[in-house]
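The values are calculated or read from the model by the stated rules, or taken from the named source; none is laboratory data. Model, not experiment: these values are computed from the prediction. Note that we place each Cβ from the backbone using ideal geometry, even for glycine, and neighbour counts take in every protein chain shown.
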Amino acid sequence: MLEGPDLVQAALESGAQFEAIYVDANEMSSPGVVALTNKANDLGVRVFALENGVLAKVADAQTPQPVLAAVRFASKDVESIACQGLILVVHDLKDPGNAGTIIRSADAAGTSAVIFTGQSVDPYNPKTLRATAGSIFHLDVCVAALDATLAHFSGLGAQTLATVVRGGTSHRDVNYTIATVVVIGNEAEGLSEDVIAKCDRSISIPMVGRSESLNAGVAASLIAFEALWQRGNAVTPPPTPSL
């Protein structure tokens, strides 16, 4: 279930398979909704006007949007994802906002895929979808087992890296110009020693303040944009982070 005109518009532009779009009848004449429904009609997507208050009863958000849509997501297998660029694996990630942030940053940084493993939040959770701001339609996202994911990409020659708070190689000293799988742990506990041992080596994001650790979404974003910088073939050192 997609909530909000921006997310629905992104799905229309991506060619997603719609069941239908539902619009608050009181908003049918607003410019944004008119543009969206015209696009839907051009694509043959059914649009239904609902009486005032109906969307509020079915929407997940506390402040309901005037547009909802039911969309079918095609399930992807790890084997269908190309072994190239940066592939982010989120393991046991619980927070839907963090999950959506990671997908959004991965899209912005040109990451190849985001793979959810272990007991991670559903990437199609309504809160996660809203946090992606439509980016879930721009890159490969799938759910898989961690062992199978690491074995698949390792077998194709990718390096596999586990993120740890301290003690790993700096994330800026990693060569991201080759196929790289980076595993991000959950918000409270990070990755277990068992998971870390399954990867080729561990990496850390250097910190100089007194913060104990970084938010999982922020950590994934920093790594994704470091990989983007390297793939751009820059010849000067990257700037000091401003975050």
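Right, residue 167: in contact with a Ser or Thr (Cβ under 7 Å, 6 or more places away or on another chain) and surrounded by fewer than 19 Cβ atoms within 10 Å (Cβ to Cβ) or not? Taking the combined requirement at face value, the residue satisfies it. Among all positions in the stretch 143-155, there is at least one residue which is surrounded by 13 or more Cβ atoms within 10 Å (Cβ to Cβ), within 16 Å of residue 118 (Cα to Cα), in contact with a Phe, Trp or Tyr (Cβ under 7 Å, 6 or more places away or on another chain) and touching a residue at least 24 places away in the same chain (Cβ under 8 Å). Taken together, 58, 45, 33, 54 contain a single residue that is of a type in the set (A, V, I, L, M) and at pLDDT 90 or above, which is 45. One residue alone among 35, 82 is assigned by TED's automatic domain parsing to the domain that holds residue 177, over 21 Å from residue 125 (Cβ atoms), aliphatic (A, V, I, L, M) and surrounded by fewer than 19 Cβ atoms within 10 Å (Cβ to Cβ), and that residue is 82.
Within the stretch 151-185, the residues that satisfy the criterion of being assigned to a loop (DSSP other than H, G, I, E, B), farther than 14 Å from residue 227 by Cβ and of a type in the set (A, V, I, L, M, F, W, C) are 156, 164, 165. The residue that is surrounded by the most Cβ atoms within 10 Å (Cβ to Cβ), counting only those in the stretch 188-221 that are modelled with pLDDT under 95 and among the β-branched types (Val, Ile, Thr), is 205. A residue that is within 23 Å of residue 188 (Cβ to Cβ) and either assigned by TED's automatic domain parsing to the domain that holds residue 11 or in a loop (DSSP other than H, G, I, E, B) (or both) occurs nowhere in the stretch 133-141.
Taking the numbered list (1) within 27 Å of residue 146 (Cβ to Cβ); (2) part of a loop (DSSP other than H, G, I, E, B); (3) among the aliphatic types (A, V, I, L, M) in turn, residue 88 passes all entries but (2).
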